[in-house]
Amino acid sequence: MSMQTPLARARGLGSAKEGVHHWWAQRLTAIALVPLSLWFIYSLVAITGAEYAVVIAWLGQPINAVLMLLFLFSLYYHAMLGVQVVIEDYIDSEGQKIACLILVKFLVFLAGISAAISVLKIYLGS
């Protein structure tokens, strides 16, 4: 039997006031990914079998570059939010949880920046 009061046991376990923001962010990115994914699939089908120069010219168009960047940003952010929930729910050790969250955020940031730089490099013709 613990000598702590109920308030002392509950301290640090309550709401961090971020759950609603996280929930909304995941829902909004999911909604954004619906049309962006349809555009992406349609585009992949349309350029299937095209030569390298045609694909580069396609991604060099402003609307396609912007939509690709929006798709990548939404996809990576949505994936990060989803993996974060899994880590928070299934890893019990606080140290491992924090390490995994930092690693996931770093990897998603690295992948997102790499993808964005690739799209921008093609768009800008460098």
Problem set entry | Length added when fully stretched, PHE109-ILE31, from 0.36 nm per residue minus Cα-Cα | 26.0 nm
Exercise. Which whole-number percent is the relative contact order of the chain (Cα, under 8 Å, 6+ apart)?
Worked result: 31 percent
For this session: For the chain, return all DSSP H helices satisfying: extent of Cα atoms along own axis at least 20 Å; mean Kyte-Doolittle hydropathy at least 0.0.
Result: 19-47, 62-90, 94-124
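Read-outs: derived from the displayed coordinates by stated rules, not from any lab. Everything numeric here is computed off the predicted structure, so don't read it as measured data.
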